[in-house]
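A short reminder: the numbers here are calculations on the coordinates, not readings from a lab. Predicted model only: the values in this text are computed from it and were never measured. Here the Cβ positions follow ideal geometry from the backbone for every residue, glycine too, while neighbour counts run over all protein chains shown.
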Amino acid sequence: MHGSDFIPPILMRALLQLIEPSRLDFSTTKRDLAGVARLMPRDDENRTFARFDPQWEAEPTWNQGSALQRLAAKHKPSKRAHNYIARYALHFDPIRESVKSVVEIGVQRPNSLLMWEEYFPNAVVHGIDIDPACKAFAGDRRQVHIGDQKDVTFLRRFIGQTGGNFDVVIDDGEHSEQAILTSFAWLFPALQSHGIYAVEDLIYTPNARSIFRSLEEHINYWPRGFPGGDWPYLHEFDQAATWLDRNIVGLHFYRYLTIINRGYNPEDNPYLRSERPKTA
Ligand SMILES: C[S@@+](CC[C@H](N)C(=O)[O-])C[C@H]1O[C@@H](n2cnc3c(N)ncnc32)[C@H](O)[C@@H]1O
């Protein structure tokens, strides 16, 4: 079945269930964090933590002089002010040449599309925006699609027309719970098998943040009854594993920015041993 007309029911069900605010309970989180704080050195115990140093303020060392940093300085997209560029350089530099298609939800100005177009030399850059005026920013390898990121009909049509299989999706659009989660439900499965999905400005959307945090449980899926010591032989999950268990391999939280890696879980690990030992 083509990715464009298929939304894994398990993904949709899980997302819809989790959107309910009643399911959110932060009490455990708070308790756990308090526990960590108790383990840390007290203020009067001569902490060894690095203190803020103004000379490091401009950029983390790994981003100083990076190609993306230079292009961000040239094109000045709004995400530069949010300091996401250093994070993106970490994730995108290794795949820069191989990326064929990028989607950015939220265009507003030509700046960000121009930056991605120059940074990914072999990619078509698809911008999505609800504002028809953004159509004017199409050209060269930049395409602009006018529609609402909350509108499933629009998303289906967009995936169908472009063929999906995106290498990178960046959500910098409406920044509401519904917008973030609807777009994720449709565009994450439309990524190519090792694509990268980024969501910006996760500030006022606790449900979306909570759902993204919960993806960790899918990455760390353990088949019921699988012997504990046999993880080097864990080539494939059991029947109970969901689509999300099998298709998410990485989850990164930066301030207000979350990045999720699609991949084959657990088959992506090339160092798995081939034969599972006999168990009694
Ligand atoms: C923060 S701006 C994008 C900035 C741009 N990505 C950059 O880095 O310079 C957000 C854009 O999202 C668009 N937008 C808001 N709600 C939307 C929706 N429901 N669907 C699609 N686009 C939306 C707005 O029209 C606006 O142009």
Where labels lie 7 Å past Cα in the beta-carbon direction, separation of His235 and Arg213 in nm: 3.8
Beta bridges per DSSP with both ends in segment 82-280, % antiparallel, nearest 5: 35
Estimated distance in nm for a label pair at Lys100 and Ser274, the labels positioned 7 Å out from Cα along Cα-to-Cβ: 3.1
Spacing of the two label points (7 Å from each Cα toward its C-beta) at Gln178 and Lys135, in nm: 2.5
Gain in span if fully extended, Ala73 to Asn165, counting 0.36 nm per residue against the direct Cα distance: 30.2 nm
Peptide ranges 115-128, 84-97 listed from the most packed, as the mean C-beta count within 10 angstrom indicates: 115-128, 84-97
